Amino acid sequence: SYSKTINELYELYKDSIDCYGFLPSTVFSREKIDLFIKNNDFTIPLIVDTNQILTEFLDARITPECFLLDENLNTKYQGLIDDWVKDLGRKGQYINENYLNEAIITYLANDTIIINKTNAIGCIIERLK
């Protein structure tokens, strides 16, 4: 549902910050990854995190969940892309808050991010441990 938005944010900020998507699944075949990328038209580089190193480091629990890190790998923003999804399986008609975009704009301006965490809504990531 968010591939278009993710691609737009990637194109907008790829020259200002390093942008990656990561897949936290422990089981992915190359064919399944290629099909996922093709079906969703992803342009953002994707990292397959089968050992869940990124998942553990970021303490990612939900997909999709976004993280904005500074150069020291401190989390500056974590959570929702925007407020389109209201609950599992329930999308709103309008987007009123663009949390990730606002966090990036604020971060790049060296200002304090006011909303630095939201509760991601989506599927629970199955963890190795």
Here the residues within region 46-95 that are among the hydroxyl-bearing types (Ser, Thr, Tyr) and touching a residue at least 12 places away in the same chain (Cβ under 8 Å) are Thr50, Thr55, Thr63, Thr75, Tyr77
Over region 1-28, the set of residues open to solvent by less than 50 Å² (accessible area, probe 1.4 Å) and not aromatic (Phe, Trp, Tyr) is Ser3, Thr5, Ile6, Asn7, Leu9, Ile17, Cys19, Gly21, Leu23, Pro24, Ser25
If we ask which residues in region 84-94 are open to solvent by less than 80 Å² (accessible area, probe 1.4 Å) and either closer than 30 Å to Asp15 by Cα or among the polar types (S, T, N, Q) (or both), their number turns out to be 2
When restricted to Thr75, Thr55, Thr63, the only residue open to solvent by less than 50 Å² (accessible area, probe 1.4 Å) and of a type in the set (S, T, N, Q) is Thr55
(message) Please verify whether Ile47 is closer than 18 Å to Ile17 by Cα, open to solvent by less than 40 Å² (accessible area, probe 1.4 Å), in contact with a Leu (Cβ under 8 Å, 6 or more places away or on another chain) and not hydroxyl-bearing (Ser, Thr, Tyr), treating the condition exactly as stated.
(response) no
For helices (runs of 4 or more DSSP H) lying entirely in region 17-129, having 1 or more residues that are within 23 Å of Lys4 (Cβ to Cβ) picks out 30-40, 99-108
In region 104-120, anything under 17 Å from Leu58 (Cβ atoms) and either hydrophobic (A, V, I, L, M, F, W, C) or open to solvent by 70 Å² or more (accessible area, probe 1.4 Å) (or both) is listed as Ile104, Ile113, Asn116, Lys117, Asn119, Ala120
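The values are calculated or read from the model by the stated rules, or taken from the named source; none is laboratory data. Because the structure is a prediction, the values reported are computed rather than measured. Neighbour counts run over all protein chains shown; Cβ positions are idealised from the backbone, glycine included. In case anyone asks, the SASA skips ligands and DNA or RNA and just uses the protein heavy atoms, side chains included. Shrake-Rupley method; radii C 1.70, N 1.55, O 1.52, S 1.80 Å.
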